[in-house]
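The structure appears right after this line, and notes come after that.
The values are calculated or read from the model by the stated rules, or taken from the named source; none is laboratory data. Keep in mind that this is a model prediction, so the values were computed, not measured. Counting neighbours? That spans all protein chains shown, and the Cβs are built from the backbone with ideal geometry, glycine included.
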Amino acid sequence: MEFMLGLRARGVTDTAVLEAMEHTPRSAFLQGIFKPRAYEDVPLPIGAGQTISQPTVVGMMTQALELTRRCKVLEIGTGSGYQAAILSLLARRVYTTERHRSLAMQAQKVLADLDRSNVTVIPADGTHGLPAQAPFDRILVTAAAEDPPTPLLGQLRTGGIMVLPVGQSDAVQTLLKVVKTEAGLEYTDLGDVRFVPLLEGLGD
């Protein structure tokens, strides 16, 4: 499939990640005129001023998490639910928060239709994380903050990994991998990306 070959060519080489993406139809998470473009490597609108990320970025972020089937994952920014659906095939449990209630409800429906029963979608302000379910083995943030949010770092288990875009919302951001060790935080720059900003509060 050309879609999968494109992912490999752009550095997504983890077999488990590629298989999870192959078994997650991106078209299920798009509507209207954008549905036929599901397998283009571009971000596409999903409503509420948000987008579904381009597949290569989804693949890179997922790969950087180094997931195992024992992992409990927190995703900040459900959006369409596409990223959460991929995580569901690689982790034990996925909690995903979305500040736009309309998007959360739509994502929940699609995930249920795909029988991704280990995903819990929660309409919530993601900047606070999900203290009731902490600590998490992995945290993925799909909106850009100026710095890794302190509440999220506090909810990451020692030995855990967080992947997130960092930088000003009107400029190219840096995708960071943060590993929480006994000695502190280790940062790896994974390249330039562009995401919507991480905002506080709830939307529509």
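In segment 1-21, the residue that is farthest from residue 114 (Cα to Cα) out of those that are in a helix (DSSP H, G or I) and among the charged types (D, E, K, R) is 8.
The set of residues in segment 116-174 that are among the β-branched types (Val, Ile, Thr), surrounded by 15 or more Cβ atoms within 10 Å (Cβ to Cβ) and not in a strand (DSSP E or B) comprises 127, 142.
Against the test of being in contact (Cβ under 8 Å) with a residue 40 or more places away in the chain and buried (at least 20 other Cβ atoms within 10 Å of the Cβ), the options 12, 58 yield a single qualifying residue, 12. Of all residues in segment 106-123, those that are over 11 Å from residue 29 (Cβ atoms) and in contact (Cβ under 8 Å) with a residue 12 or more places away in the chain have Cβ atoms under 8 Å from Cβ atoms of residues that are of a type in the set (Lys, Arg) and assigned to a helix (DSSP H, G or I), 6 or more apart or on another chain, in 123/101. Just one of the listed residues (68, 96, 24) is among the polar types (S, T, N, Q), outside any strand (DSSP E or B) and in contact with an Asp or Glu (Cβ under 9 Å, 6 or more places away or on another chain), and it is 68.
Cβ-Cβ distances below 7 Å connect the following pairs, each with a first residue in segment 140-158 that is farther than 26 Å from residue 85 by Cβ and among the hydroxyl-bearing types (Ser, Thr, Tyr), a second residue that is part of a loop (DSSP other than H, G, I, E, B) and at pLDDT 95 or above, and a separation of six or more residues or different chains: 158/182. Considering (1) part of a helix (DSSP H, G or I); (2) in contact with a Gly (Cβ under 9 Å, 6 or more places away or on another chain); (3) modelled with pLDDT of 95 or more; (4) under 26 Å from residue 178 (Cβ atoms), the lone condition that residue 75 does not fulfil carries the number (1). Being buried (at least 22 other Cβ atoms within 10 Å of the Cβ) and in contact with a Gly (Cβ under 6 Å, 6 or more places away or on another chain) is a condition met by no residue of segment 36-43.
If we keep just the residues of segment 175-190 that are of a type in the set (Asp, Glu) and in a strand (DSSP E or B), which is farthest from residue 79 (Cα to Cα)? In this case the residue turns out to be 186.
Note on segment 44-55: among residues that are assigned to a loop (DSSP other than H, G, I, E, B) and in contact (Cβ under 8 Å) with a residue 24 or more places away in the chain, the one that is surrounded by the most Cβ atoms within 10 Å (Cβ to Cβ) is 53. Take segment 27-42 and flag every residue that is part of a loop (DSSP other than H, G, I, E, B) and either touching a residue at least 40 places away in the same chain (Cβ under 8 Å) or of a type in the set (Lys, Arg) (or both). Once the filter is applied, which keeps residues that are part of a loop (DSSP other than H, G, I, E, B) and either touching a residue at least 40 places away in the same chain (Cβ under 8 Å) or of a type in the set (Lys, Arg) (or both), segment 27-42 yields only 30.
Assessment of segment 95-105 against the conditions (over 24 Å from residue 39 (Cβ atoms), surrounded by fewer than 24 Cβ atoms within 10 Å (Cβ to Cβ) and among the aliphatic types (A, V, I, L, M)) yields at least one matching residue. Considered as a group, the residues in segment 100-139 that are in contact with a strand residue (DSSP E or B) (Cβ under 7 Å, 6 or more places away or on another chain) and β-branched (Val, Ile, Thr) include one that is nearest to residue 87 (Cα to Cα), and that residue is 119.
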